[in-house]
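Taking it in order: structure first as structure tokens, then the write-up.
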Amino acid sequence: MKIHNLTKEEVLSTLVTSENGLSEEEAKRRLSEFGFNEIKEAREKPLYIRFFKQFAHFLAILLWIAAFMSFLSEYLHPGEGMLTLGIAVIAVILINAGFTFIQEYRAEKALEELKKLLPFYVKVLRDGKEKEIYARAVVHGDVILLSEGDKVPADARLIEASGLRVNNAPLTGESEPMLRRHEAYEGEFIESHNIVFAGTAVVSGSGRAVSFATGMQTEFGRIAHLTGAVEAGLSPLQKEIVKATRVIAVIAAVVGVFFFLLGFLIGRTFWNNFIFAIGITVALIPEGMLPTVTLALAMGSQRMAKRKALIKTLTSVETLGSVTVICTDKTGTLTQNKMAATKVWTIDGEEKTRESLLKIAYLCNNARFIEGQYKGDPTETALLKYAREAIGDVTAERLSEIPFDSERKRMTVVYKIPPLLKGGEGGFTSFTKGALESMLPLCTHILINEEKMPVNEKIKAEIIDAYHDLMDKGLRVLAFACKEIEAPPPTPPPQGGRARERVSQAEIENNMIFVGLIGLEDPPRPEVPDAIRKCHEAGIKVIMITGDASRTAVAIAKEIGLVKGIPVVIEGNEFIRMSDKELREKLSEKEVIFARMTPKHKMRVVSILKEEGEVVAVTGDGVNDAPALKKADIGIAMGISGTDVAKEASDMVLLDDNFATIVNAVEEGRTVYENIKKFITYIFASNIPEAVPYLAYILLKIPLPLTIIQILAVDLGTDMLPALALGAEKPMPGIMKQPPRKLQERLLNFSLISRAYLFLGPIEAAACMFGFFYIMFNGGWRWGEMLPPNNILYMQATTACLTAIIVTQIGNVFACRSSKESVLSIGFFTNRLIFLGIAVELLLQLFIVYHPWGNKIFGTYPISLSTWLVLIPFAVFLLFADEARKRIRVWSP
């Protein structure tokens, strides 16, 4: 026998407890045996493993190889500066790994502050006395005291219930509060009316329940375990970075090997060729790219945090920008999960009839207005508030109640109150509210102008049309009726009085007078329609996946602009029967809504979409959303209403539960991706002036114009802040009116590489070689003359070569602010970080050129002001040349 099949006495016997609860000693023993009542993250990786993973990605491995080759070169042929190079490269790896790890760790720690789903304190019986304890201390067999507003701390079997209604939305997605009873139940466990589940909320009534599952053994915990079993893949940006670094590695290796062999053909020594190969490889691998990408993503995540979006992993910032489909829950995500009465309908439209309808809504109600607050079931609270604000407080003596249940779909109360009907005899009146389909057949009359009139087919049709009209507006509709009775029925006893209760119902809930309809809505979040519109403009498909009924889902979808025409609606029972092929066909439709769905169903939808090449985001706040959140390319959880499991499974948490924040995040993600392309262009452009000196060195038999350590001064020093400033560029106009980036689109495409390597880079290379020869020839150097590394003229010439790169990179940073738009059209001064980056870049270069420490570290020597002045025109020429290119749209991705 299962727990829900047992009687109250059998439950207590099976769990070895009593109506007085456990003793303190037994509770301590069970806590030791079963552990704390808390949800644990499944298969969480230790911190040290997560930290060391930062050293094992592809670009980091490339840098490790470069560092190893540098140390090997220093060991075999000391004195060439390779030791300094190796140390510098390792420093890059360490700094980047540390920064990425710390950023992600801090984001996860911030999430821990949000973990408030399970109640902090709960009331239990211990040794027959009521006691308040921590929720994590609840054990099997504890008798839990439940009352209105409580959150259930563990899966428990009811042994007493008095009007107890529970909101299972966090677990099942159903927003309708469910009536709970303590009697044995023969049906399915998950549907049992005598079970309350961990994480759900008591909306009205009270009861006592015996816990039989805690922590990871609860239904809540099992879904958490299911979430942990879902494997998450690489984000689009991670895939692009891997591909980009492989392209870079191939280019660097091919060029290095080619010129290493070429050196032998023209008579260079092995060590000269080896140093050259290392130099050309280091020049072509942009060591600053990875930390710059990491910093740009971190800056994006910090900007999003200010806009109420907490990013758990850095790459999620960009992933949002490439999203093509958003699968969203309805309750609590698109709507506020707050019921409100909005429409009143009576057949005659008279004020007196409307007042009678609101009086019934006020009295046939178990919600209360206490200490300035409405308390009770959300539906009844909404009715009471609406009626009270319209007609004020109504005083009457309630004599009896026939509670609502899911079979009858109605509730009836009897009051001693003056009659509603003109000329009524008065005394006792029953008021009934419920679903129209359960009430209309029981109504023989209708209230018109304070008089009861017979209900005919025409009137029935008019009522049903009004009912459908309200339903099509996304409202939950309740019908209201009344009846004058001669004497009040006795209140049914809590147990053993079912037969007498049925007689009372038959007497009262029959031949009633229909009064009217009230429509209630779970209001959409006010910002949702605009957010949906922006998603559509951005080419993002939005699919509603909800546990609610299809008619309500469609109506809400129309209200918020999610659908314009007739959508494809798929309910859970139909979904189960569909093949993957049929589901793919349905998902290809423009407007799709899924209703009556379970967590497993949602995961299948996400999986099919991903197989079809979509980049999928899933929003949600309930436990039922967590597996799909984990499976999606990016999971978005709600920070306020979201459950613990949903937040842990997600990649991003909306701290304000604002659906519109998703649109801001998509815009930020798209901007981050575009900005990454901007600073990659900027960084790659400097690779050419770094590589050309090595080509000249081996082909023209001249002194090496640029040393390896000076290359690192550019890649890891002067280029970093201007590149980061490019990462902080504001969104370009119209970025949210472009379609999502195609998965086939590469980060390193032909336009980007050709612009950097064939246009911007050669201009910088011409500048650096000009600077080198300008110093050499003015100093009396003759072609073919080789100078020692410590020669002042040679050090000045390499300093001029380095300075030329820095100066032209200043022009380049303005050129790279947009690949299509003129810097004048986007505003020359709109990104002030650019100027800060340039200032730091110049200060660093002044240190390298004029400070003794800089001279010693980088092998430089001070140069004259005239050298700077002859190099500046190259920067101006580069900027104007790129402005001309933009006008004729060459290499504009």
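Rounded to the nearest Å, what's the spacing between the alpha carbon centres of the range 684-701 and the range 822-893? Just the number, please. Here the answer is 19 Å between Cα centres. Convex hull volume of the Cα atoms of the range 335-399, normalised per residue: 104 Å³. All C-alpha pair distances within the range 733-862, sorted into 5 Å bins from zero, spread as 2, 9, 13, 15, 16, 14, 10, 8, 6, 4, 2, 1 percent across the bins. Inter-label distance, ASP580 to VAL876: 6.4 nm, where each label sits 7 Å from its Cα along the C-beta direction. In this label model, GLU33 and GLU462 are separated by 6.8 nm, measuring between points 7 Å along each Cα→Cβ vector. Figure note: SER162, SER211 ranked by solvent-accessible area, largest first, 1.4 Å probe, ligands and nucleic acids not counted: SER162, SER211. Between GLU745 and SER147, the FRET efficiency estimated from the beta carbon spacing at R0 = 56 angstrom works out to 0.50.
Projected onto their three principal axes, the Cα atoms of the range 346-446 cover extents of 39, 32, 28 Å, largest first.
At a 10 angstrom cut-off on C-beta neighbours, averaged per residue, how do the peptides 696-702, 474-480, 213-219 rank from highest to lowest?
474-480, 213-219, 696-702
The length gained on full extension between VAL254 and LEU94, counted as 0.36 nm times the residue separation minus their Cα-Cα distance, comes to 54.9 nm.
When you work out D = kT/(6 pi eta Rh) for the range 423-465 at 10 °C and 1.306 mPa s, using the Kirkwood radius from C-alpha pairs as Rh and the Stokes-Einstein form, the result is 133 µm²/s. For the range 667-800, the relative contact order is 39 percent, taking Cα pairs closer than 8 Å that sit 6 or more residues apart in sequence and dividing their mean separation by the residue count. In this rough spin-label picture, where each label sits 7 Å from Cα along the Cβ direction, the ILE370-ASN790 distance is 9.0 nm. Sorting 877-889, 528-540 by average packing, meaning the other beta carbons within 10 Å per residue, from highest down gives 528-540, 877-889.
Rounded, prolate or oblate: pick one for the range 512-555, where a ≥ b ≥ c are the square roots of the eigenvalues of its C-alpha gyration tensor, a/c under 1.5 means rounded, and failing that, prolate if a/b is larger than b/c, else oblate.
Because a/c hits 1.5 or more and a/b exceeds b/c, the range 512-555 counts as prolate.
When all protein chains stay in place, what accessible area (Å², nearest 10, 1.4 Å probe) is found for SER866? Here the residue's solvent-accessible area equals roughly 60 Å².
Can you sort TYR467, TYR386 by solvent-accessible area, 1.4 Å probe, largest first?
From most exposed to least exposed: TYR386, TYR467.
Taking a straight Cα-Cα cut-off under 25 Å and skipping sequence neighbours fewer than 8 places away in the same chain, the lysines within cross-link reach of LYS581 are LYS541, LYS590, LYS600, LYS602, LYS610, LYS630, LYS631, LYS742.
Considering only THR661, GLY635, ALA685, and ranking their Cα positions along the charge dipole of the range 567-687 that arises from unit charges at the beta-carbon of Lys, Arg, Asp and Glu, the one farthest toward the positive end is ALA685. With the convex hull of the Cα atoms taken as the outline of the range 686-797, the averaged projected area works out to 9.6 nm². Past the 15 angstrom mark, what percentage of all C-alpha to C-alpha distances in the range 818-866 do you count? The proportion of pairs with Cα distances above 15 Å equals 60 percent. Principal axis extents of the C-alpha atoms in the range 786-893 (largest first, rounded to whole Å): 47, 30, 25.
Taking Cβ atoms as reference points and 10 Å as the exclusive limit, the residues near THR214 contribute a net charge of -1, counting Lys and Arg as +1 and Asp and Glu as -1. Overall, the accessible surface of the range 558-683 at a probe of 1.4 angstrom is composed of carbon and sulfur to the extent of 46 percent.
The values are calculated or read from the model by the stated rules, or taken from the named source; none is laboratory data. Predicted model only: the values in this text are computed from it and were never measured. Cβ sites come from the backbone with ideal geometry, for glycine too, and all protein chains shown count toward neighbours. For the accessible areas, the whole protein counts, side chains as well, though only heavy atoms, and no ligand, DNA or RNA atoms are used. Shrake-Rupley method; radii C 1.70, N 1.55, O 1.52, S 1.80 Å.
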